[in-house]
Amino acid sequence: MSKENPIRVALVDDQLLVRSGFRMLINSQADLEVVAEAGNGREAVASTTLATADVILMDVRMPEMNGIETTEYLLSRQPKDAPGPKVIVLTTFDLDEYALSAIQAGASGFLLKDAPPEELLESIRTVYRGDAVIAPSTTRRLLDHVAPMLRHATLPDSAHVKSVASLTPREREVFELIANGQSNPEIAAGLFLSEATVKTHVGHILAKLNARDRVQAVVIAYETGVVYA
């Protein structure tokens, strides 16, 4: 089957065997294609092709420059009107202390390295579409674990608290459902709205929160007490 406009994927992992396995799996899909690889963070930031990918699978633990530093560097260099690739951080522990730091650095979520192949593939597609938080149960466990720390560090008059207060009642309702890991279709069904209307609300919410994507919005929800562990 020929590939027409596939989702462009980049792999950043210091283990060649891991990259080879991911490459074979991803390239077996008609709608996905590996376009760049790097063995560590320094190689990743030096690659001109990698920054043009749609989605990057980023190992969190690498020599020389880890996944958090690499994610932050790559995304900080993207212009405002071109947000650049979405990053999925790969970790071996579902409560890895690095996972939250990676999300705060701008990653769109994280995934366990031993996740089933179909979960990895669907995560790439989900992050590319931008309509859900990947692995919501895993992300929820991570955020539940660190929620007290997030809230403790948030001042009552912080920018995030003020931005949440600026949401309309309907936006606040949608925001709470996003924070609980619901996708656009799930939110639309639950609130008896069209998916187009939900997508519009989500866009307004992310703009008001100055959040890069839904995962950033979920972190803000925990920081401000919109959802509790």
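The values are calculated or read from the model by the stated rules, or taken from the named source; none is laboratory data. None of the values given here were measured: they were computed from a predicted structure. All Cβ positions, glycine included, derive from the backbone under ideal geometry; neighbour counts span all protein chains shown.
Structure notes:
- Under the condition of being outside any helix (DSSP H, G or I), touching a residue at least 60 places away in the same chain (Cβ under 8 Å) and aliphatic (A, V, I, L, M), the residues counted in the range 191-226 number 1.
Yes/no per residue for (1) more than 15 Å from Ser108 (Cα to Cα); (2) modelled with pLDDT of 80 or more; (3) in contact with a Ser or Thr (Cβ under 6 Å, 6 or more places away or on another chain):
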residue: Val127; (1), (2), (3): no, yes, yes
residue: Leu143; (1), (2), (3): no, no, no
residue: Arg151; (1), (2), (3): yes, no, no
residue: Pro169; (1), (2), (3): yes, yes, no
residue: Leu177; (1), (2), (3): yes, yes, no
residue: His201; (1), (2), (3): yes, yes, no
residue: Lys208; (1), (2), (3): yes, yes, yes
residue: Ala221; (1), (2), (3): yes, yes, no
residue: Gly225; (1), (2), (3): yes, yes, no
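- Only residues that are more than 25 Å from Arg141 (Cβ to Cβ), in contact (Cβ under 8 Å) with a residue 12 or more places away in the chain and exposed (fewer than 15 other Cβ atoms within 10 Å of the Cβ) were counted in the range 169-190, giving 1.
- Restricting the range 191-225 to residues that are acidic (Asp, Glu) and under 15 Å from Asp131 (Cβ atoms), the residue that is surrounded by the fewest Cβ atoms within 10 Å (Cβ to Cβ) is Glu195.
- Qualifying positions in the range 89-102 - at pLDDT 70 or above and closer than 18 Å to Met65 by Cβ: Val89, Leu90, Thr91, Ser101, Ala102
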